[in-house]
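As structure tokens, the structure follows; a few thoughts come after it.
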2 protein chains.
Amino acid sequence: MGITTTDTNAGKIKAYTCQFCHGSNGIAANPTYPNINGQNEQYLYQSMKAYQNGERTNTMGKMMKQQLSSLKNQDLADIAAYYSTMD
Amino acid sequence: MGITTTDTNAGKIKAYTCQFCHGSNGIAANPTYPNINGQNEQYLYQSMKAYQNGERTNTMGKMMKQQLSSLKNQDLADIAAYYSTMD
């Protein structure tokens, strides 16, 4: 994904807003949202890129695109690393 | 989702082709694919509907749309129930 180093501690900080829907432990508060704890890192990264690129166009996709709009690739990689290593 | 009853045993049968990418235990063989064991049932259902509706348009989205093309809502609900209850 063009990112060679990830920082889970930085990911935790950057994931601050994620937790309101996906939970501080990666377990979604709402059953229509995905649990993301322990999810594959590459999949998490690619999913966030797909939202950014407008490749997920349902209602939640539009919201997620907005949520992720200010994040750079390194930010996404750090967030993916953070959640993928969570039990 | 308009489905009132689900059948995990039927879901297992209908999910036969899912396992080649998502694993017989819901753990993806490829790190770019999502693990789906224990994932929220409603999220799984809605994700499959989004693929069917062409609302996920990346490369995997197109493949998934094809994979899911012959499945009715009850089939998707049964498959979602099956994977959501998997440890």
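Across the protein assembly as shown, the fraction of Cα-Cα pairs farther apart than 21 Å, rounded to a whole number, is 46%.
Shielding of peptide A:39-47 by partners, expressed as the average count of other chain Cβ atoms within 10 Å per residue Cβ, is 5. A cut-off under 10 angstrom between Cβ atoms defines the neighbours of A:S47, and their net charge, with Lys, Arg +1 and Asp, Glu -1, is +2. Charging the Cβ of each Asp and Glu at -1 and of each Lys and Arg at +1, and nothing else, the dipole of segment A:8-84 about its Cα centre rounds to 180 debye.
Note on segment A:8-84: Cα-only Rg and Dmax are 11.2, 31 Å.
Across chain A, the relative contact order, built from alpha-carbon pairs under 8 Å that are at least six residues apart, equals 44 percent.
Projecting label points 7 angstrom from Cα along Cα→Cβ for A:S69 and B:Q19 puts them 4.5 nm apart.
Remark: segment A:5-10, residue by residue, has Karplus-estimated 3J(HN,Hα) of 10, 10, 9, 5, 5, 5 Hz, where x stands for each Gly or Pro and the curve is 6.51 cos²θ - 1.76 cosθ + 1.60 at θ = phi - 60°. Across peptide A:60-71, the mean count of Cβ atoms from other chains lying within 10 Å of each residue's own Cβ comes to 1.
Remark: relative contact order (segment B:38-87) = 54 percent; criterion is Cα-Cα distance under 8 angstrom and separation of 6 or more residues.
Extension gain, A:I3 to A:D87, is 27.9 nm, computed as 0.36 nm per intervening residue step minus the present C-alpha separation.
All of the numbers you see were taken from the coordinates with simple rules; none came from a lab. These numbers come from a predicted model, not from an experiment. Note that each Cβ is placed from the backbone with ideal geometry, even for glycine, and that neighbours are counted across all protein chains shown.
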